[in-house]
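Contents: one structure, followed by commentary.
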Amino acid sequence: MATDARTGTELSSSTVGTVKPLGRLGALTDLVIERLRVSDHVAESKFGTDSPIDDPAREEQVLAQVREKASGAGVDPEAAVAFFRDQITASKVVQKGLFARWTAHPEEAPTTRPDLGQIREQLDRLTTDLIQELKSTEELRDKPVACTVQLALAAGSGAVREQLDTLHRQALRTATDSVCRSGETSGRN
């Protein structure tokens, strides 16, 4: 059972999904968590196949799309690429962790294989949504101290609300590594 991070109150499973994200980075963190959940499906689609977890060609394709979308949305393309590199790394953390779990415990391995094409459509939608959130949180993310506090609040409450296991909490830390940035890295002073 999850616990409300603000009050320490236990939440029923029906309540968990209705709790709103905490902090000004809550919506961004929720999208990151959603993307991590999609990584579970990526792992399910690849497990037991020749599809590699590491796919540098696909990663560069995704990052090129991110650069283009970020420019169009008025987001610093290099900051967006850094953020999405973290998303890709976090996805690999999840995939490798699940592969290890399923190899050690074959009874837990997926019995069906989701369509990777449909998963990529979800990831494309999330990319657009994440870029929009990067834009809407730009001012906060350029203030390292305030951003760090807001990120801790959002990530902590999101991890509790979504009942993330150790693997997904580790991936969340990786995925949010470059959310907060200094004026120097964003090109602002």
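The values are calculated or read from the model by the stated rules, or taken from the named source; none is laboratory data. These numbers were taken from a predicted model, which means no experiment stands behind them. Ideal geometry is used to build each Cβ from the backbone, glycine not excepted, and the neighbour counts take in all protein chains shown. Only protein heavy atoms, including side chains, enter the accessible area calculation; ligands, DNA and RNA are left aside. Shrake-Rupley method; radii C 1.70, N 1.55, O 1.52, S 1.80 Å.
Regarding Q65, is this residue touching a Ser or Thr at 6+ places or on another chain (Cβ under 8 Å), farther than 21 Å from I33 by Cβ and part of a helix (DSSP H, G or I)?
Considered against the rule, which asks whether it is touching a Ser or Thr at 6+ places or on another chain (Cβ under 8 Å), farther than 21 Å from I33 by Cβ and part of a helix (DSSP H, G or I), Q65 comes out as yes.
Would you check if there is a residue in the range 136-151 being modelled with pLDDT of 95 or more, among the charged types (D, E, K, R), crowded, with 17+ Cβ neighbours inside 10 Å and under 21 Å from S39 (Cα atoms)?
Taking every residue of the range 136-151 in turn, none turns out to be modelled with pLDDT of 95 or more, among the charged types (D, E, K, R), crowded, with 17+ Cβ neighbours inside 10 Å and under 21 Å from S39 (Cα atoms).
Test L98 against the criterion of being assigned to a helix (DSSP H, G or I), modelled with pLDDT of 95 or more and closer than 26 Å to S51 by Cα, and give yes or no.
yes
Does S71 fit the bill of being part of a helix (DSSP H, G or I), more than 23 Å from R24 (Cβ to Cβ) and over 19 Å from the mean Cα position of the chain (by Cα)?
Judged against the criteria, S71 is a match.
Since V16 meets every condition but one in (1) at pLDDT below 95; (2) open to solvent by 20 Å² or more (accessible area, probe 1.4 Å); (3) in contact with a helix residue (DSSP H, G or I) (Cβ under 6 Å, 6 or more places away or on another chain), which condition does it not meet?
(2)
Report, by residue number, each residue of the range 102-112 that is touching a residue at least 40 places away in the same chain (Cβ under 8 Å) and loosely packed, with under 14 Cβ neighbours inside 10 Å. Spell out how you get there, then give the answer.
First pass over the range 102-112, keeping only residues touching a residue at least 40 places away in the same chain (Cβ under 8 Å): 102, 109-110, 112.
The answer is T112, and nothing else.
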